[in-house]
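Note sheet for the following structure.
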Amino acid sequence: MEDNNEVLKKVFMQTVERYSGRYKKLKYDVRTLGWGTKEQQNYRFLQTIDNRIEFNGKRILDIGCGFGDYFNFLKKHNIDVKSYIGWDLNSDLIGEARRLFAAEKNAIFDVKNIFDIHSDNDSFADIGIMLGVLNFNLKDAFDNYQYSKIAIEKAFMLVKEVLVVDFLSTYLTESYPKEDFVFYHEPEIMLKYAFSLSQNVILKHDYLPIPQKEFMLLIFK
C-alpha cells in the first residue's frame, strides 16, 4: 500500500500535467487556469480586497499563482505592495508569469510546492493568498479535507498577518449543475478547522456565484 507521500506525488504530477495540457492548447488564457472568464476571475479577486485587510506596503505570497494575474489585479487597483511572490507547481505557468512581469522589480515567481515546506518562517510574507487551489476532486486518491487542511496549515505558518483561501461551497447554486471533477467543501467544517489555527477568522459566503457558489476564509494571526 502506498504511503501518503507517494500518493501526493502522483496528485501533484497529475496537476502539473493537467495545466500543461491546457497551456499547450490555450497558452496565456484564463481558461488555462480553469477560470470561466476574465470577468469571473476579477470578481473573485475583488472578494480578497473587499475586507479589512490592508495590502499597501505588504509582502504578498500567492500560492498557486498561475500566470501571476493576481499581481496584475493589485496593480490595476492601485495597490502598491512591497513585494509579490508567486508560487506554482507548473513550470509552464511560472515561465509565462516571468515573461509577463520581467520588468517588475518587486515580483518573483518560482516553481514551488507548498507541501514541501517543513519549517516555520512567519516572516516570509505578510499576506498569503490561495485561490482555486483546493477545488479539484481527488476522489479515491486522497481525502480532500485532509489535503485542504495540510495545505492551509502549511500556508498559514508562512504568513505574518493573514491567509486568504477560497473553496467551492456545498451550498449549491440551483441554476448550475454539480460537477464530478471538483470538490465542494462544507463551510462549517472548514470554519471549525480555521478556528483550530486562530481565534480571528472571517467566513465570507455572501458574494455572487462565479458561476457556482463559493466561500472564502480569512484566517488572521
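Loop-resident chymotrypsin sites (Phe, Trp or Tyr not before Pro) (DSSP state other than H, G, I, E or B) in the range 150-219 with no more than 16 further Cβ atoms inside 10 Å of their Cβ: Y171, F181, Y207.
Per-residue Karplus couplings for the range 73-88, computed as 6.51 cos²θ - 1.76 cosθ + 1.60 with θ equal to phi - 60°, are listed in order as 4, 4, 4, 5, 9, 6, 9, 9, 7, 5, 7, 10, 10, x, 10, 8 Hz, Gly and Pro entered as x.
Exactly which trypsin sites (Lys or Arg not before Pro) in the range 46-76 are in a DSSP loop and have at most 11 other Cβ atoms within 10 Å? Each step should come with its number before you reach the end.
On the way: sites: R52, K58, R59, K75, K76; in loops: R52, K58.
Those that pass, being in a loop and sparsely packed, are R52.
Take every Cα pair under 8 Å whose residues are at least 6 apart in sequence, average their separation, divide by the length of the chain, and the relative contact order is 17 percent.
Within the chain, DSSP assigns beta bridges of which about 40% are antiparallel (rounded to the nearest 5). Per the 1.4 Å probe, what fraction of the accessible area of the range 102-221, in percent, lies on carbon and sulfur atoms? Summing carbon and sulfur atoms, their accessible area is 52 percent of the total for the range 102-221.
Accessible area per residue for the chain is 51 Å², calculated with a 1.4 Å probe on protein heavy atoms, without ligands, DNA or RNA. When you filter the trypsin sites (Lys or Arg not before Pro) in the range 87-143 for DSSP loop state and at most 14 other Cβ atoms inside 10 Å of their Cβ, you are left with K105, K139. Under a 5 Å amide H cut-off, with hydrogens placed 1.01 Å from N, F109 pairs with G86 among residues at least 5 apart or on other chains.
Sorting H205, H77, H185, H118 by accessible area puts them as H118, H77, H205, H185; the probe is 1.4 Å, largest comes first, and only protein heavy atoms count. Among beta bridges identified by DSSP and lying wholly in the range 129-221, the antiparallel ones come to about 75 percent. Which whole-angstrom value gives the distance between the alpha carbon centres of the range 1-44 and the range 133-185? Centre-to-centre distance over Cα atoms comes out at 14 Å. Here the alpha carbons of the range 15-97 define both size measures, Rg and Dmax, at 13.2, 39 Å. Of Y176, Y19, the residue with the largest accessible area leads and the full order is Y176, Y19 (1.4 Å probe). Over the chain, DSSP H runs of length four or greater, each weighted -39,500 (n - 2.57), average out per residue to a 222 nm ellipticity of -11000 deg cm²/dmol. With the largest listed first and rounded to whole Å, the semi-axes of the equivalent ellipsoid of the range 104-154 from the Cα gyration tensor are 24, 14, 10. Here is the P(r) of the chain: all C-alpha pair distances, binned every 5 Å from 0, give 1, 6, 15, 20, 21, 19, 12, 5, 1, 0, 0 in whole percents.
The values are calculated or read from the model by the stated rules, or taken from the named source; none is laboratory data. Keep in mind that this is a model prediction, so the values were computed, not measured. All Cβ positions, glycine included, derive from the backbone under ideal geometry; neighbour counts span all protein chains shown. We work out accessible area using only protein heavy atoms, side chains counted, and drop any ligands, DNA or RNA first. Shrake-Rupley method; radii C 1.70, N 1.55, O 1.52, S 1.80 Å.
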